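The values are calculated or read from the model by the stated rules, or taken from the named source; none is laboratory data. Just so we're clear, the structure is a prediction, and the values are computed from it rather than from any experiment. Because the Cβ atoms are built from the backbone with ideal geometry, glycine has one as well, and the counts that use them run over all protein chains shown. These area figures cover heavy atoms from the full protein model, side chains too; ligands, DNA and RNA do not enter into them. Shrake-Rupley method; radii C 1.70, N 1.55, O 1.52, S 1.80 Å.
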Amino acid sequence: MKDSTIRAATKVAHLGRDHADSHGFVNLPIYHGSTVLFETYQEFVESQERRQLRDQVLYGRYGTPLTFALESAIAELEGASGAITVSSGLASITAALNAFLKQGDHVLVTDSVYQPTRKYCDHVLHGFGIETTYYDPLIGSDIKSLVKSNTKVIFVESPGSQTFEVQDLPAITAVARELGVITILDNTWASPLYLKPFDLGIDISVHAATKYITGHSDAMLGIISSNEACYDRIRDSVRLSGQCAGPDPVFLGLRGLRTLPVRLQRHWQSGLKIARWLAGRAEVAKVIHPALPGDAGHEIWTRDFQGASGLFAFILQPVSETALGTLLDNAKLFGMGYSWGGYESLLIPFDPTSYRTATKWEAQGPALRIHIGLEDTDDLIEDLSRAFDAMNGS
Ligand SMILES: *Cc1c(COP(=O)(O)O)cnc(C)c1O
């Protein structure tokens, strides 16, 4: 499957199925296990030497054949040298940061970062004597002016959480390479299919596989993909902190991956359709969707991405909180809850003014994040239309 002429949709049907005995079944079995038994003393001694090699069945925490199947599939799809699974998306972020930061170091983090990442920097890293500076996501090559002698990591996330700014990743990675700084990208929105970070100079890519990769809102899972130079430090960071992904989430992640190209294409097309419809509504002041022509991030998205997922935002014209509540309560097909990337549509309000520090969020009215699932878009539009009518009448 290392054949680069084979396309992603074909690869996901075949990757990670060819290196374990599954007795003819299409899928590999789930290994529930901690202890791995060695037949002889000689094998036991040799197992200690195999610890630093990849894909070694030694102990439950180090992974099972199914874990290695998912990891190699993700690495192949994303163009990484290797990938490592952990217990959640946030765990993939913290393990990647921990691998390259120590007391006295400095990290640059985009102001549009996923909020729990910010909290980890402000509370845990700060407590360990590691300083964080947040920067404007649209900074581009000017990031150079913020790099200090002790800056070890630049953390990027594109598009940004909630607000969907598209970052100029090649401009940032060029500076990082020049100054010897490691770059970590949160690639959850695009998944390994719609952004190839290693082609853009990124060193490490992290995923909340909880979202699109698993795809059914039924598991927590994180994956860290890395280039060759960073792989060992990532693995050590994961192992030494006791991180590992459970066997069932790994199975669900690999199962989700099989249908990821089909699902993402539908999320993308349906999302764009709803985005266009929302842009035409009088109640909506602005739609923020990088795949929409005219969006602030559209040019860079077109240059760097191979597709869009189903998550974006829109800003309402000024309305009361009661009216906002009426809208949300009447959007019956849209669940209100955290996370996204499943088959179902979601709608939640957000307010970046409460946590942004490097940039100022100025919006006319309330902001909403919307996830377009796999439902029929005509039903979603009719549902939103009824919800807007209810809001207008309230
Ligand atoms: C959800 C999310 C995470 C965290 O994933 P969990 O699996 O919930 O820990 C990280 N980054 C982004 C961009 C996310 O949306």
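For Ala285 and Thr357 in one chain, what is 0.36 nm times their gap in residues minus the Cα-Cα distance, to one decimal in nm? Numbers along the way, then the final one.
Details: separation 72, 0.36 × 72 = 25.92 nm, distance 2.42 nm.
My answer for the length gained is 23.5 nm.
Cα axis of helix 247-279 to longest principal axis of the chain: angle in degrees, 0 to 90, nearest 10?
Its long axis makes an angle of about 20 degrees.
Can you compute the charge dipole magnitude of the stretch 8-258 about its Cα centre, using +1 on each Lys and Arg Cβ and -1 on each Asp and Glu Cβ, nothing else charged? Give it in debye, rounded to the nearest 20.
I would put it at about 200 debye.
Determine the distance separating the Cα centre of the stretch 330-394 from the Cα centre of the stretch 274-309; give it in Å without decimals.
15 Å
Please give me the summed charge of the neighbours of Phe334: other residues whose Cβ is under 9 Å from its Cβ, Lys and Arg +1, Asp and Glu -1.
Result for the neighbourhood of Phe334: -1.
First select every other residue whose beta carbon is under 13 angstrom from the beta carbon of Glu321; then total the charges, Lys and Arg +1, Asp and Glu -1.
Value of the local net charge: -2.
How are the alpha carbon pair distances in the chain distributed across 20 Å bins from zero to the largest one, expressed in percent?
P(r) over the chain, rounded to whole percents: 27, 55, 17, 1.
With a ≥ b ≥ c taken as the square roots of the eigenvalues of the C-alpha gyration tensor of the stretch 260-393, please select rounded if a/c is under 1.5 and otherwise prolate if a/b is larger than b/c or oblate if it is not?
It is oblate, given that a/c is not under 1.5 and a/b is not larger than b/c.
May I ask for the net charge around Ala96, where only other residues with Cβ less than 10 Å from the Cβ of Ala96 are counted and Lys, Arg are +1 while Asp, Glu are -1?
Combined, the nearby Lys, Arg, Asp and Glu give -1.
Report in % the part of the accessible area of the chain that belongs to carbon and sulfur, leaving out ligands and nucleic acids; probe 1.4 Å.
C and S atoms contribute 52 percent here.
Roughly speaking, what is the stretch gain from His298 to Asn27, that is 0.36 nm per residue apart minus the C-alpha to C-alpha distance, in nm to one decimal?
93.6 nm
Expected output is a single nm value to one decimal: the length gained when fully extending between Glu178 and Tyr338, i.e. 0.36 nm times separation in residues minus the C-alpha distance. What is it?
53.8 nm
With a 1.4 Å probe and all protein chains left in place, how much accessible area per residue does the chain have, in Å²?
Spelled out: the 1.4 Å probe surface of the chain, per residue, equals 44 Å².
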